[in-house]
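S.K.: Structure provided below as structure tokens; questions to follow.
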Amino acid sequence: MPLTDLAWLDEELAEAGRDPAPIAAALKKATQLLYDAFTPAADADLLVRQKARFVDRVLQHCFAEFLGDSEAEIALLAVGGYGRCELLPASDIDLLILLAKKPGKPLQEQIGAFVTFLWDIGLEVGSSVRSLRECIQEGKQDVTVITNMIESRRIAGSEPLYQRFEKAISPKKMWSSKDFLVAKLEEQKQRHLRYNDTAYNLEPNVKEGPGGLRDIQIIGWVAKRHYGARDLSELVDHGFLTAEEYQALIDGQTHLWRIRFALHRLTGRREDRLLFEYQRELALLFGYQGEENNQAIEQFMQRYYRTIMQLERLNEMLLQLLQQEILFKKFFHITRRLNEDFILRSGYVEAVDEQVFQRNPSALIEIFLLMQSRPDIKGPHAATIRLIRQHLYLIDDDFRRDPRNTELFMSFMRAPTGIIHQLRRMNSYGVLAAYIPAFEKIVGRMQYDLFHAYTVDQHTLFVIRNLRRFSVPEHRHEFPLCSDIHDHLEKPELLYLAGLFHDIAKGRDGDHSVLGAEEAEAFCRLHGMNRKDTRVVSELVRNHLIMSMTAQRKDISDPEVVHDFARTVGSESMLDYLYLLTVADIRATNPKQWNNWKASLLRELYLSTRKVLRQGLEQPQDIGEIIFENREAACGLISHQSGQLEQARRLCDLFPGDYFLHHKAEEIVWHVSSIMDCPGADSVVNIRQSARSKSTEIFVYTEDTPRLFARVAGLLSSMNLDILHADIYTTRDGHTLDTFIIQNADGEPLSDAGDIRLIRDSLLQALQQKQDPQPPSNPRLPRQLKSFRIEPEIRITVDEKNQHSILGITAADRPALLYTIANAIAECGLQVSHAKITTLGERVEDIFFLVDEQHRPVQDPALLERLKKRLLETLAESD
């Protein structure tokens, strides 16, 4: 039957009377008709309005059955989204039962029976019962209440009462358009803050998030309050929207409605969040097909992010126009000439006329330089934003090759202030993607994982923001070393350009670092940069991951590792650039992934590499010399602090040589002092906040026994703690010197003294009893991790020089995963000498340095194969 045909529903309602069962069945049938009619190309406007029409008919029938005798003194009103005739399949039905006066007991009972019946037939009703006087009182006090009421429409009951209601809540009686706009602007600001003030969250809210449906609705609310407009199309008549902008607004709303409709259909309930577990199914439903470097889900989400980006821009422009009309109209005649093309009107840059960009296309770049140099400028006038968007076609190949424009852009990148604010505007208005065509491909592009928290274009802008913060005195306390380095950069703009291009080739076939370096090189040449500067930018893009990978996956206490890294970097100036880019990049990838331990690793690698570069690549430092220096420095500190030099030397004589290679003097002092402070103790556990790494460190000294690493890992896992790094050494008298870097589940160092004491006592008990803890059986997998399936990879190599085997594991992250891996290693009779634990969102990339029970590298191919097989079995069991 046709979707709009309601005759069948009227017939079934007439037969049902007050019997809830057939009415409930009719509602289910109506919902199924909507589901059957839905396709990704369906008329979403028809679907959401038809749902409202179905509900209207049912409510009119129920009202007549229960409240028909009181029709003269009561009106049933649809409010909120239902008042707009916008209902999704699982949306709440918001109702206002309007009374002429306070009801008597019989009418109260009738209303109660009516509302109860609505729930009996399966309607999820949000209802309020108010007299006209109560509506006036509450509407005056709460902008949310008045917003609901101005969207009302009468479903049944007294028309004269409803007319009195409409007159009572008009702007002349309460909430003038000025007061209403100010309140809604603040409401939007607070709502955006709840979503981190970004539309580019990994699991966005289609309705409430920035750029979502609520941002469209706020335009409608203010327009209705000020102009009495019932529809957004009336803004075209008032000159606030062009026909093209209105269509873009409607197209965006339609796309979001389709997604929201599909979410309700998929989940069978009201669900407005694009959670990971739904994104894949929705991508397939909407017809996207995966490619090698561009998954279907990434294409689907890129369309979503581009839609909300456009809606955000329209929201910004229209609200600014409404502010100019409602709040600042009497001030907008005050202007000041800025140059031939622009004037300043009440703090906003405005084009002198509509032909500015046609006469002078370079003004499309100049306007951002102008705003950059004048912090008193609030931004571009809304009409000028519109002109910029309309003239993007002027930014073509000839425009990009024009020396005037290339010089303007480089002047922009060299400016001491305002770069990031204006780059955000350039991205929002489409100028950045027009000027750098490769950038257009990453606008709105997401990566389907938990590691990358933002779209590629937003991440890129965050990187540049982080780089700029190194130059701001107010932020110097955050990264003092980075700020010091930045102060001495000869050409900071090279760093910002590298940040702009470092991920520009994401999503293409091939290595994005290599492809990005090629894009960067072409850009630099086009912009007249010399060979040296061009090489700096392109090499930074090419190698932007190498410092992070070296610090987190290799043994940076090994002089050879540092020397190889230094050789790749080549010079101290390039090291400075690379260090700053790496810190800014990691911090901009995901706020949850940055921690003090990563900061300390990068800092240590930077300082060690700088030392090598200053000494000269042809004069690597001798390992024996490093061991001697660290040992003697520690003994000197102990002698100065406690006078127990001889006892300390006797202890140090028992420590293996590579222990001194991997530990600084201050760490050695802490370990030795911890042991000497507990004479005769079988086991020593000490916990501190390291000043060097700003992380929580656990030191364990005990008799060397099999499964020790697994025991400690299991205990810490059972206490919901994460191990970031482990160093494990065996003394000549059969004791272990183990250091663990840990953090809590929130990624923070431990701070509570009670928690630290509990961990110390629990570890001592476990060491003394030589028993493994009981980690939770079937630990609950976090919701987000369930959406990702990662095939485990096991890599084993033998490092003859350093006398250990290297086990690399890439696998899906799971609770108690490290304990599971440690158990498998112990079952094969192997021991861990070092471990570097790296969690990248939904996956881990861990490195374990293994030795056999005699502390030798594992040479037996059969044993290594058995280890690999056991690990794969273990990881499959935990999947």
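S.K.: Compute the angle between helix 44-67 and the longest alpha-carbon principal axis of the chain, please, reported from 0 to 90 degrees and rounded to the nearest 10.
M.R.: Between helix and principal axis, roughly 60 degrees.
S.K.: Send over the semi-axes of the stretch 464-614's equivalent ellipsoid, whole angstrom and largest first, taken as the square roots of 5 times the C-alpha gyration tensor eigenvalues.
M.R.: Equivalent-ellipsoid dimensions as semi-axes: 22, 18, 16 Å.
S.K.: Using a/c under 1.5 as the rounded threshold, could you call the stretch 724-773 rounded, prolate or oblate? The axes a ≥ b ≥ c are square roots of the C-alpha gyration tensor eigenvalues, and prolate needs a/b larger than b/c, oblate otherwise.
M.R.: Details: a/c = 2.48, a/b = 1.46, b/c = 1.69.
It is oblate, given that a/c is not under 1.5 and a/b is not larger than b/c.
S.K.: Taking Cα atoms, how many degrees apart are the long axis of helix 645-654 and the longest axis of the chain, rounded to 10 and kept between 0 and 90?
M.R.: Rounded to the nearest ten degrees, it is 80.
S.K.: Show log10 I(q)/I(0) for the stretch 530-619 at q = 0.10, 0.11, 0.18 Å⁻¹, two decimals, from a solvent-free Debye sum over equal Cα scatterers.
M.R.: The Debye formula, applied to the Cα set alone, gives -0.24, -0.30, -0.77.
S.K.: Evaluate the distance, in nm, between pseudo-label points positioned 7 Å from the Cα of Thr568 and of Ser639 along their respective Cα→Cβ axes.
M.R.: 4.1
S.K.: Averaged per residue, what accessible surface does the stretch 96-195 expose to a 1.4 Å probe, in Å²?
M.R.: 53
S.K.: Now for a separate question. Looking at the stretch 272-368, which GluC sites (Glu not before Pro) are DSSP coil and have at most 15 other C-beta atoms within 10 Å of their C-beta?
M.R.: Numbers: sites: Glu277, Glu281, Glu291, Glu292, Glu298, Glu312, Glu316, Glu325, Glu340, Glu350, Glu354, Glu366; in loops: Glu292, Glu340, Glu354.
Of the GluC sites (Glu not before Pro), the ones in loops of the stretch 272-368 whose Cβ has at most 15 other Cβ atoms within 10 Å are Glu292, Glu340, Glu354.
S.K.: Which value, in debye to the nearest 20, describes the size of the charge dipole of the chain about its Cα centre when Lys and Arg Cβ atoms bear +1, Asp and Glu Cβ atoms bear -1, and nothing else is charged?
M.R.: 2520
S.K.: Label the stretch 396-499 by shape, choosing from rounded, prolate and oblate, from the square roots a ≥ b ≥ c of the eigenvalues of the Cα gyration tensor; if a/c is under 1.5 it is rounded, and otherwise prolate applies when a/b is larger than b/c, oblate when it is not.
M.R.: Cα axes put the stretch 396-499 in the oblate bin.
S.K.: For every helix of n ≥ 4 consecutive DSSP H residues, a contribution of -39,500 (n - 2.57) applies; sum these over the chain, divide by its total residues, and give [θ] at 222 nm rounded to the nearest 500 deg cm²/dmol.
M.R.: It lands at -17000 deg cm²/dmol.
S.K.: Leaving out ligands, DNA and RNA, what percent of the accessible area of the chain is carbon and sulfur, probe 1.4 Å?
M.R.: Using a 1.4 Å probe with all protein chains present, the chain comes out at 48 percent carbon and sulfur.
S.K.: Suppose a student asked you for the relative contact order of the chain, using Cα pairs under 8 Å spaced at least 6 residues apart; what percent would you report?
M.R.: Across the chain, relative contact order equals 6 percent.
S.K.: Let me have the relative contact order for the stretch 675-738, percent, based on Cα pairs under 8 Å that are six or more residues apart.
M.R.: Worked out over the stretch 675-738, it gives 29 percent.
S.K.: Quick query: amide H of Ala90 versus all other amide H atoms, modeled in the peptide plane; which residues come in under 5 Å with a sequence gap of 5 or more or a different chain?
M.R.: Long-range HN contacts for Ala90: none found.
S.K.: Also: With r as the distance between the Cβ atoms of Arg688 and Leu545 and R0 = 41 Å, compute the FRET efficiency 1/(1 + (r/R0)^6) and round to 0.05.
M.R.: Numbers: r = 32 Å, r/R0 = 0.79.
Result of the calculation: an efficiency of 0.80.
S.K.: Report Rg(Cα)/(2.2 N^0.38 Å) for the chain, keeping two decimals.
M.R.: 1.15
S.K.: Which far-off residues, 5 or more places away or on another chain, put their amide H under 5 Å from the one on Ile155, with H placed in the peptide plane?
M.R.: The answer is Leu76, Leu77, Ala78.
The values are calculated or read from the model by the stated rules, or taken from the named source; none is laboratory data. Computed from a prediction, not measured in an experiment: that's the story for all the values here. Ideal geometry is used to build each Cβ from the backbone, glycine not excepted, and the neighbour counts take in all protein chains shown. Protein only, heavy atoms only, side chains kept; ligands, DNA and RNA dropped before computing areas. Shrake-Rupley method; radii C 1.70, N 1.55, O 1.52, S 1.80 Å.
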